Amino acid sequence: MRKTEAPLSLETLAVRAGQERSQFNEHSEALYLTSSFVFDNAAQAAARFSGEEEGNVYSRFTNPTVKTFQDRLATLEGAEDCVATASGMSSILALLMALCSAGDHLVASTGLFGATQQLLGTIMPRFGLQTSFVGQTDLDAWQAAIRPQTKLFFLETPSNPLTEVADISALAAIARRHNILLAVDNCFCTPILQRPLDLGADLVVHSATKYLDGQGRVLGGAVVGPRRLTEEVFRFLRTAGPTLSAFNAWILLKGLETLQIRMLAQSAKALELAQWLETHPRVARVYYPGLPSHGQFDLVRRQQKGGGAIVSFTVKGARAEAWKVIDSCRLLSITANLGDTKTTLTHPASTTHGRLTPEQRAAAGIGDDLLRIAVGLEAVADLQNDLERGLTAA
């Protein structure tokens, strides 16, 4: 992209940032489906492998299409650098393996995605990395959990599935006082609605599978932040290979082009649906950051540019009633993925958080009566009609 005199807006950068045209001067980003790259001579090969000369070597760690995606996402997040990975979970793993060591300690939110809780609570302790889980919004608990070995704060905000919102600036201040890194999973908001680095976070992780793609097509992940930290993540990726494929990067680039349009539209539809659910006689409680009833509504207005597209709610009753809602729907997709243009519906306690113990689910506030909707781009009236069928059955 050629330099312009005035700073460009996010919606323009989502379409234009990071592209470097090849000798063919293509308009759409090129897709480089190759495992390796040819060198002019032995000296150039040696220089590329050692890092003395910039350039492509092998698509496990250098690929022009992947680089375009990395550069564009870094620009959108206001970051120096980005390392793309094969999935959202692999981005979290890469961050941990690159920046933490045996004996280190983490503090993380109890409101994390189920697989993230499994990674931190079950798998990483086998390698000497311990995690203390605390309430997402309890700043005193974050402070009290700090040990001399604490290396990292990790959270996702809003949380999955209860949409709890953490005060990123306040947590960043606590982390800085103790020389601790703060990493934020920005999957639900994307840089369109929230930029954690601007609020003091050190690193951002993404499941690009979700809103960055936006149409449920491919898997992808990313770690975004200052180069002094992402270089460590890149070194891990170069060796271990949790690599984003060039094809997936190309799809994700197409997703970024419509990111702002989708996020704003889906957030508006989610707010309308949440307002309707809040008045429904069969609904006990609605969790949505854009509602005044949300526990951190004032913080949301300061920290985010919208409520996002995730609406969770509890049905009056228990699992049987919640499952009746799901089984009665004919339009909503019964799947645990989110971020799609097609609205999805899931029962977190038996799907995304099903591997947690009952005690862990209780600590995270995830009961058998809870449902999560990831609002897409359908007409809200059609979503309401579909849910009404299930709520009436419940």
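Among the helices (runs of 4 or more DSSP H) contained in the range 31-105, which hold 2 or more residues that are more than 19 Å from the chain's Cα centre (by Cα), polar (S, T, N, Q) and exposed (fewer than 15 other Cβ atoms within 10 Å of the Cβ)?
42-50
Got a number for residues in the range 318-350 being of a type in the set (A, V, I, L, M, F, W, C), out of contact with any strand residue (DSSP E or B) (no Cβ under 9 Å at 6 or more places or on another chain), more than 27 Å from L252 (Cα to Cα) and in a loop (DSSP other than H, G, I, E, B)?
Of the residues in that region, 1 qualify.
Does A393 satisfy the criteria of being without any contact (Cβ under 8 Å) to a residue 12 or more places away in the chain, surrounded by fewer than 16 Cβ atoms within 10 Å (Cβ to Cβ) and not β-branched (V, I, T)?
Here the answer is no, as A393 does not meet what is asked.
Any residue in the range 203-215 that is free of Cβ contacts under 8 Å to residues at least 40 places away in the same chain and either out of contact with any Pro (no Cβ under 6 Å at 6 or more places or on another chain) or part of a strand (DSSP E or B) (or both)?
no
Can you pull out every residue in the range 267-317 that is charged (D, E, K, R), out of contact with any strand residue (DSSP E or B) (no Cβ under 9 Å at 6 or more places or on another chain) and either in a loop (DSSP other than H, G, I, E, B) or not assigned by TED's automatic domain parsing to the domain that holds T341 (or both)?
K305
Could you check the range 125-171 and list, in sequence order, the residues that are in contact with a Cys (Cβ under 8 Å, 6 or more places away or on another chain) and hydrophobic (A, V, I, L, M, F, W, C)?
Hits for the range 125-171 are L129, L152.
Look through L229, L252 and report the one residue that is crowded, with 24+ Cβ neighbours inside 10 Å, part of a helix (DSSP H, G or I) and either in the same structural domain as K151 (by TED's automatic domain parsing) or in contact with an Asp or Glu (Cβ under 8 Å, 6 or more places away or on another chain) (or both).
When all the criteria are applied, what remains is L252.
Can you pull out every residue in the range 243-267 that is among the polar types (S, T, N, Q) and over 19 Å from E378 (Cβ atoms)?
Across the range 243-267, the qualifying residues are T243, S245, N248, Q260.
So which residues in the range 313-344 are crowded, with 22+ Cβ neighbours inside 10 Å and under 14 Å from G376 (Cα atoms)?
Within the range 313-344, L332, L338, G339, D340, T343 qualify.
Scan the range 14-32 and tell me whether some residue there is in contact with a strand residue (DSSP E or B) (Cβ under 7 Å, 6 or more places away or on another chain), in the same structural domain as G121 (by TED's automatic domain parsing) and not hydroxyl-bearing (S, T, Y).
No; the residues of the range 14-32 include none that is in contact with a strand residue (DSSP E or B) (Cβ under 7 Å, 6 or more places away or on another chain), in the same structural domain as G121 (by TED's automatic domain parsing) and not hydroxyl-bearing (S, T, Y).
Just to be sure I understand, how many residues within the range 361-390 are outside any loop (DSSP other than H, G, I, E, B) and in contact with a Ser or Thr (Cβ under 8 Å, 6 or more places away or on another chain)?
The total comes to 10.
I'm told N337 meets every condition in (1) farther than 20 Å from S87 by Cβ; (2) within 18 Å of the chain's Cα centre (by Cα) except one. Can you identify the failing condition by its number?
In the conditions (1) farther than 20 Å from S87 by Cβ; (2) within 18 Å of the chain's Cα centre (by Cα), N337 misses (1) alone.
The values are calculated or read from the model by the stated rules, or taken from the named source; none is laboratory data. Because the structure is a prediction, the values reported are computed rather than measured. Neighbour counts are summed over all protein chains in view; Cβ atoms, including those assigned to glycine, are modelled from backbone coordinates with ideal geometry.
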